[in-house]
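Peer 1: Just passing along the structure, written as structure tokens.
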């Protein structure tokens, strides 16, 4: 029951970070500052390397990218000892493109974002529920 509340809080924090003007960095006291930039980098990485995005049409290999969920994760004592302050899991869906421009094979990707200081790191994670981001 707390996951929807956490997801709503995360969304509010992300929207606040996006609404700051002038491209300035968000305050480092925001545990989610910079996550939106990391998600865009993840999308670029998916398009460059995912098999569903192999066929390029006008330089683009996939379309219809959608972040289906984002959910905060508890930081383990081991990760906390390494300086990790925040962890968020996310799920993204997308569709490949056929050489004629039509929609091709669909795909999905899952990532765990870990924040140490003001720096985010991304790693793969097992699939999660696309609605709640709960582990399957």
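Just so you know, all these numbers are worked out from the coordinates, no wet-lab data involved. Note that the coordinates shown come from a computational prediction; the quantities given were computed from them, not determined experimentally. Cβ placement follows ideal geometry from the backbone for every residue including glycine, while neighbour counts extend to all protein chains displayed.
Peer 1: What FRET efficiency comes out for the pair residue 76/residue 48, r = Cβ-Cβ distance, R0 = 35 Å, nearest 0.05?
Peer 2: It comes to 0.70.
Peer 1: Looking only at segment 110-131, which residues have a backbone nitrogen under 19 Å from a spot 7 Å from the Cα of residue 60 in the C-beta direction?
Peer 2: none
Peer 1: When the Debye formula is applied to the Cα atoms of segment 20-110, each taken as the same point scatterer, what base-10 log of I(q)/I(0) results at q = 0.17 Å⁻¹?
Peer 2: Here the Debye-derived log intensity ratios amount to -0.82.
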